Amino acid sequence: MPEPPPLSLHPHGFDVIAEFKRCSPASGALRGDRRMMSVERTVQLYAKGGAAAVSVLTVPERFGGSLADMRAAAAALRPFDVPVMRKDFIVDGAQILEARVHGAGGVLLMLALLDDVNVTHLLETAFELGLFVLLEAFDAGELQRAARLVDSHSATGMLLVGLNARDLRTLDVDAERLVRLACHMPAGSAAVAESGVQGAEDAASMAAAGYRLILTGSALMRSDEPDLLVRSM
């Protein structure tokens, strides 16, 4: 597999990580028959809309994802120099190596699943393979952990820190959490607002709160014109 393109953020702008996922535990299938686009067509529309990266769910249960989807997305995005990020429940370095073999340029690590020893090992593995990492937090305590990790690893690779507005237990989205906890985002990393962003107005609110990127998927997967929606965000 060729080297993946690096994550390139606009130096003075606001960026979108656009997500490809077939299903959502909260919403079920995200596309009806009239919107059945291939993974290749979908992610290319994301890239044409200006997405900085494309997140691909590789979890089969309840998300309908696969490594085949990620590999297809990576190949389709290569002419656009847009990297793919593997989004999965990653707990072992072998999953990061597997991501790289299938074309990923980045991985998401959930702090809720990992202690500091494990997450440090996974960060080092990802950076050795040249991948960027999105550290995902769900509350202020995890943001404090993220801040310590940023201090330790900011010079070794590209490290983003995301705050997810979704409650892992109920699956409800509390978009106000993104605003409420924005002040706890670690300095020295690009802050990513995850979940709850449906359109340009929501994206503008996240930018005003201090976020550098958003990660959004369900709204894009439901859209007939995801390229235009990405561009508006």
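Residue by residue through region 46-77, note down the ones that are among the hydrophobic types (A, V, I, L, M, F, W, C), open to solvent by less than 30 Å² (accessible area, probe 1.4 Å), part of a helix (DSSP H, G or I) and more than 16 Å from Phe89 (Cβ to Cβ). Don't jump to the end; show me each part of the working.
Restricting attention to region 46-77, the residues satisfying the condition of being among the hydrophobic types (A, V, I, L, M, F, W, C) are 47, 51-54, 56-57, 59, 63, 67-68, 70, 72-77.
Checking the rest, the ones that are also open to solvent by less than 30 Å² (accessible area, probe 1.4 Å) come to 47, 51-54, 56-57, 59, 70, 72-74, 76-77.
If we keep only those that are part of a helix (DSSP H, G or I) as well, we get 47, 70, 72-74, 76-77.
Those that are among the hydrophobic types (A, V, I, L, M, F, W, C), open to solvent by less than 30 Å² (accessible area, probe 1.4 Å), part of a helix (DSSP H, G or I) and more than 16 Å from Phe89 (Cβ to Cβ): Ala47, Ala72, Ala73, Ala74, Ala76, Leu77.
For the subset of region 191-233 comprising residues that are open to solvent by 50 Å² or more (accessible area, probe 1.4 Å) and not charged (D, E, K, R), which member is nearest to Ala137 (Cα to Cα)? Of everything passing the filter in region 191-233, Gly210 is nearest to Ala137 (Cα to Cα). Kindly establish whether Gly65 is of a type outside the set (Ser, Thr, Tyr), in contact with a strand residue (DSSP E or B) (Cβ under 9 Å, 6 or more places away or on another chain) and modelled with pLDDT under 95. Spelling it out, Gly65 is indeed of a type outside the set (Ser, Thr, Tyr), in contact with a strand residue (DSSP E or B) (Cβ under 9 Å, 6 or more places away or on another chain) and modelled with pLDDT under 95. Here region 161-185 is the region considered, the condition is being in a helix (DSSP H, G or I) and among the basic types (Lys, Arg), and the residue that is surrounded by the most Cβ atoms within 10 Å (Cβ to Cβ) is Arg177.
Taken across region 98-113, residues that are modelled with pLDDT of 95 or more, in a loop (DSSP other than H, G, I, E, B) and open to solvent by 60 Å² or more (accessible area, probe 1.4 Å) do not occur at all. Residues in region 82-96 that are surrounded by fewer than 16 Cβ atoms within 10 Å (Cβ to Cβ) and hydrophobic (A, V, I, L, M, F, W, C): Phe89, Val91, Ala94.
The values are calculated or read from the model by the stated rules, or taken from the named source; none is laboratory data. Everything numeric in this text was worked out from a predicted model, so none of it was measured. In this analysis, Cβ positions are derived from the backbone assuming ideal geometry, glycine residues included, and neighbour counts consider all displayed protein chains. With ligands, DNA and RNA removed, areas are computed over all heavy atoms of the protein, side chains included. Shrake-Rupley method; radii C 1.70, N 1.55, O 1.52, S 1.80 Å.
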